[in-house]
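Heads up, the thing below is written out as structure tokens.
The values are calculated or read from the model by the stated rules, or taken from the named source; none is laboratory data. In this text, all values refer to a predicted model and were calculated from it rather than measured experimentally. Please note: Cβ atoms are built from the backbone with ideal geometry, for glycine as well, and neighbour counts cover all protein chains shown. Remember, those area values only see protein heavy atoms, side chains included, never the ligands or the DNA or RNA. Shrake-Rupley method; radii C 1.70, N 1.55, O 1.52, S 1.80 Å.
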Amino acid sequence: MSRINDIGGMVGFSAVVVEPDEPPFHADWEAHLHALNALLIRQGVYNRDEFRDAIERMPPAEYLAASYYERWFAAVSTLLVEKGVLTPDEVAGGQDATAQRGPADE
Amino acid sequence: MSESFSPGDRVRTRTLDPAGHTRLPRYARGAVGEIVERAGDHPLAEDRARGLPGEPQPVYHVRFRAGDLFGSGDHAVTVELWQDYLEPLGTAAR
Amino acid sequence: MSGHHPSAAIAERVRHIESLLERHGVIAPGEVDRRIDDLLAGGTPLNGARIVARAWTDPAFRERLLTDANSAIRELALSMGGGASELRLKVVANTAEEHHVVVCTLCSCYPTALLGPSPSWYKSDAYRARVVRDPRGILAEFGVDLPADVRITVWDASAESRYMVLPRRPEGTDGLDEAELAALVTRTGLIGTALV
């Protein structure tokens, strides 16, 4: 019942890894996604709680395997489709010519 | 809505395990804690996550002893909780 | 963190979604880039360091900061975002008797508008899961060994407030001015996993 994000107090996790002199973002796409999400929230496409809810609805194994911004990507994709802003095909497509992507690309 | 709480009030958190979004962490459910301070009024996160406007209600910093949450530990954990998550238990002796 | 998945594929998909949203008029062209610039130019741990240094040198400011941080930081021309998006800032002060540590167990809440993006370790599952149960163990991993009689309080950012720790002023810093004091403060100290 409790969702996979609700991990406070769970045991079995490893030591905390600290990256010295860490940059704010590790890749351009993370910065773009961060900004995109902030804009979508500001424009009322969805709110912060709906965003958190969308992350929490990730299948547990996917949640745990995903990096922080990969979780964001999953949530933003989910919400853009659910809010009717983009179609599932649009969200799934990379370049227009390769709109159909297989599971191997996930 | 029930009466709002004051610093020092003892409260017990809800044990309900909702199917959807909540901001009451699992480790702090069904636990007894003490109101530290009111932290403003906000619509319940559960409502907003469903796209509902929700009525603003008090939010509090609630202090728990680690032993009461995990069965061990000498520290305290302060969780920020909506009034709906809390039921009164009377005022702390201390 | 981000290296174990096909980063190029996800980068391409983010770019694709961004261009679709521009094409559909959901976002204006260039708006994302401007937002990134704002993001990187806005919050920084240096803001937190300035607040801490002021609190160390001005006891009345310290009181105001602990009572109503949003108002107090405006004295330094700082804010938690301002306007409708302004979140409540709660500052908790370390003392000889009590040490504070901040976490968001449910997601990754952090005073980003003031301090910039949080470090990856703060957002990691390991930190979120472990620090509420075993803060001394986490602190030991960060090289912080507190005396056994120092009480530890962990603050879980589970609702609308964002938290910042006010570290203790280090010994032997009497001769330093505010700017020199600010230079001592680290982002880790503002979260509570370092002493300063």
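Worth a mention:
- Most mobile listed residue (C:LEU181, C:LEU46, C:LEU106) in chain C, GNM with C-alpha springs under 10 Å: C:LEU106
- Residue of A:VAL91, A:VAL18, A:VAL81 that the Gaussian network model of chain A assigns the largest fluctuation, springs spanning Cα pairs under 10 Å: A:VAL18
- Accessible area (Å², 1.4 Å probe, nearest 10) - C:ASP33: 80
- What you get for the stretch A:28-93, charging only the Cβ of Lys and Arg (+1) and of Asp and Glu (-1), is a dipole of about 220 debye around the Cα centre.
- Taking amide H positions as modeled 1.01 Å from N, with prolines and chain starts lacking one, no residue 5 or more places away or on another chain lies under 5 Å from C:LEU184.
- Heavy-atom accessible area for A:ILE55, with the other protein chains in place and a 1.4 Å probe, reaches approximately 20 Å².
- Near C:TYR163, the amide H atoms lying under 5 Å from its own belong to C:LYS90; only residues 5 or more places off or on other chains count, and H is placed 1.01 Å from N.
- When the protein assembly as shown is reduced to its Cα atoms, the Kirkwood hydrodynamic radius in Å: 22.1
- Among the cysteines of the protein assembly as shown, C:CYS107 have no other cysteine beta carbon within less than 4.7 Å of their own.
- A simple rule links phi to the HN-Hα coupling: the Karplus curve 6.51 cos²θ - 1.76 cosθ + 1.60 with θ = phi - 60°, which for the stretch C:98-108 gives 9, 10, 10, 9, 10, 8, 10, 6, 8, 8, 7 Hz, with x for Gly and Pro.
- 3J(HN,Hα) couplings calculated from phi for the stretch B:13-19 with the Karplus curve 6.51 cos²θ - 1.76 cosθ + 1.60 (θ = phi - 60°) are, in sequence order, 7, 4, 9, 3, 10, x, 6 Hz; Gly and Pro show x.
- Summed side-chain charge close to A:ASP28 - residues other than A:ASP28 whose Cβ falls under 12 Å, Lys, Arg +1, Asp, Glu -1: -3
- Taken one residue at a time, the phi angles of the stretch C:119-135 give Karplus couplings (6.51, -1.76, 1.60, θ = phi - 60°) of x, 4, 5, 5, 8, 6, 4, 4, 5, 4, 6, 8, 5, 5, 8, 9, x Hz. Gly and Pro are set to x.
- For B:THR78, nonlocal amide neighbours, meaning residues 5 or more places apart or on other chains whose placed amide H falls under 5 Å from its own, are B:PHE64, C:VAL154, C:TRP155, C:ASP156.
- Coarse-grained scattering of chain B at q = 0.18, 0.20 Å⁻¹, given as base-10 log I(q)/I(0) from a Debye sum over alpha-carbon atoms: -0.79, -0.96
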